[in-house]
Amino acid sequence: NGEEKRNCKESQGVSEYKVWKTQKLSSAKDKEPEQDQDIPDDSWRSADCWKQSVESNKSSILPFTETSGPNHWLSRNSDAIDFFNLLFPAALIELITKETNSHAKTCQFLDASYPDWVPVTAHEVKRFIGLVILMGIQNLPDPSHYWSWNHYDNSCTFYRAMSFKRFKQIATNIRMGSFATSEYCGTGNPGDSLHIFRPMLDIMSEAMWNTYQPNCCLTIDRALLPSLEEESSHLKGNPKMQPQVWLLCDSKSGYCHRFFIQVGQKAGQEVGVTVVPELVKGLEGKHHQLYLASSLTSIPLMQKLLDQNIYASSSFPPPNPILPQELWDEGQLEKPGDFLQRQCGPLLATRWRDTKEMGCLSTNAAPGEADTVWRRSQTKVGGLDPIDRPMAFRLLQENMRGVDICKQLLACNPLGGIPQDRHWRSLFWFLVNLSIVNAFIMLRESRKENPPAWVQDGLFTQVNFRKRLGNQLVKCSQKYLETMEIASNRSTRTETLGDPIKERHRMAKISSISKRCKNCNTKSVRHESVYGCIICKANLCKQPSCFWEFHGLSFKVNSGTETEKEPRM
């Protein structure tokens, strides 16, 4: 009897739960906006499901209310190198240092390569990256020209950083992972084709995501890796097997929040289903608006994003199989400004004629609500004609350029002096360049109210940022090296006191005509002088500060009130 009573109570409890659940879902269905309702499976494939939108069927677009923008602890006077260290942290420099030395040691053991290899240090890796950045600003036909006074004005920076032979050694051996390192090879997922990159990807991804909180509008599109060198592309890599890099970027600034590297693709699987869910992790439930490349768009994907409270939009040329063919055949858009819209649940399909007809699928726009844009007149020479533009296309055109902005910044000043004869090298340097671009955007967004002194007229340019960053990476690590050398050679200093005074670096008149100051030139400031260092043969401003800064030392002041008239080292 006790057993029967217990079973009866359990049955009654289940029945009551089912009734409550049904009432709860029914109540939620009445209260929730229409976009939260699922579209019946495959019903969108039928043109009958796409109805003319009416006022009562408009979906409510919930507002984005999250905190967004730069998220860091840097002070208001932080410089280029500080923002680079946020996006390319010390842990990543240490990883590259460790794996580069490991690779060179393995090569020495296997085939006696690089017998004169000296282990690289973290500061030397920074100097190397700084030189690579500077080489990308001014392209020379041969890397050795950067160490030549006749070919490059700033060659003193390269001479003081490292020799050309050492630069080539590091460029050949630099690694972010190793097949010979059992810690990262074959663990977790033996089929992971990116296992060499995995430690680097983990460090970079965390830094990029935590440093800038996403805004409302984001863009997803593909970025092209630099092509392999012509002489080796057909021998050392199949271009069809090149990794595909997809970026999630801020629609306004171009900051890259996250990337996804796609190697190969399963047959019959849509690209969007593979790429987009990986990029939107952490965006769920915040009402972001996502603008997708046309190759990623599908109705099931948009419904899945909407279930996560992420709105989406994408455009595509007609006719496109995303929508039923009947929607493309229905009506003709004869003149610019004409548009047709159909709705299937929360999905809005829009056909609009601008200079040519385009299609748009969105969940973030209300039907209608056209604004006016101006286009070149077809009847009046030099005139403009107003045309209507539906809200779906207005939002799309205003917010779709995020990845394009990022790609433009990547392409303006590519890194120089490095071999790119393998897909992994091309990907590695792409990621380094991406960190530089993100650091530039972070500095521009963080210091737009109080720009650094080297920013002229408040105009942030990537060229000046890269000059500043490259020189800072070289000089900061160089000062560390010089400090260590001074400490190690302090015991032998008494022996060098007898050296002839003529061997010292000192200021004197070295040219009959004034030339640009080598130190001010690194700061993008134009000063000319006939004076300079007689040993370095570099023109410098007459005041001692340029002499000391050029040689990597702090500005020295006498015990009195005046500085030295003739600086010496």
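For the stretch 331-377, a tally of residues being surrounded by fewer than 17 Cβ atoms within 10 Å (Cβ to Cβ) and of a type in the set (S, T, N, Q) returns 4. Within the stretch 312-355, the set of residues being within 18 Å of LEU395 (Cα to Cα) and charged (D, E, K, R) comprises ASP338, ARG342, ARG351, ARG353, ASP354. Residues that are more than 12 Å from SER53 (Cα to Cα) and of a type in the set (Ser, Thr, Tyr) within the stretch 349-371 comprise THR355, SER362, THR363, listed in sequence order. Among the residues of the stretch 87-137 satisfying the criterion of being β-branched (Val, Ile, Thr), part of a loop (DSSP other than H, G, I, E, B) and in contact with a helix residue (DSSP H, G or I) (Cβ under 7 Å, 6 or more places away or on another chain), which is surrounded by the fewest Cβ atoms within 10 Å (Cβ to Cβ)? Only one residue fits best here, namely THR121. Could you list, in sequence order, the residues of the stretch 376-399 that are of a type in the set (Asp, Glu) and within 15 Å of LYS335 (Cβ to Cβ)? Scanning the stretch 376-399 gives ASP385, ASP388. Within the stretch 453-468, is there a residue that is hydrophobic (A, V, I, L, M, F, W, C), at pLDDT 95 or above and surrounded by 20 or more Cβ atoms within 10 Å (Cβ to Cβ)? Yes, the stretch 453-468 contains at least one residue that is hydrophobic (A, V, I, L, M, F, W, C), at pLDDT 95 or above and surrounded by 20 or more Cβ atoms within 10 Å (Cβ to Cβ).
Does at least one position in the stretch 342-352 carry a residue that is part of a loop (DSSP other than H, G, I, E, B) and closer than 16 Å to SER294 by Cβ? No, the stretch 342-352 has no match at all.
Residues that are among the polar types (S, T, N, Q) and part of a helix (DSSP H, G or I) are absent from the stretch 359-370 altogether. Looking at the stretch 372-470, the helices (runs of 4 or more DSSP H) lying wholly inside it that each contain 1 or more residues that are farther than 30 Å from LEU340 by Cα sit at 402-412, 423-446.
The set of residues in the stretch 264-288 that are among the aliphatic types (A, V, I, L, M), in a loop (DSSP other than H, G, I, E, B) and modelled with pLDDT of 90 or more comprises VAL280, LEU283.
Note on the stretch 320-351: residues that are more than 33 Å from the chain's Cα centre (by Cα) and either hydrophobic (A, V, I, L, M, F, W, C) or on the phi > 0 side of the Ramachandran plot (or both) amount to 10.
The values are calculated or read from the model by the stated rules, or taken from the named source; none is laboratory data. In this text the structure is predicted, and so the values were computed from the model without any measurement. Quick reminder, even Gly has a Cβ in these numbers, built from the backbone with ideal geometry, and neighbours come from all protein chains shown.
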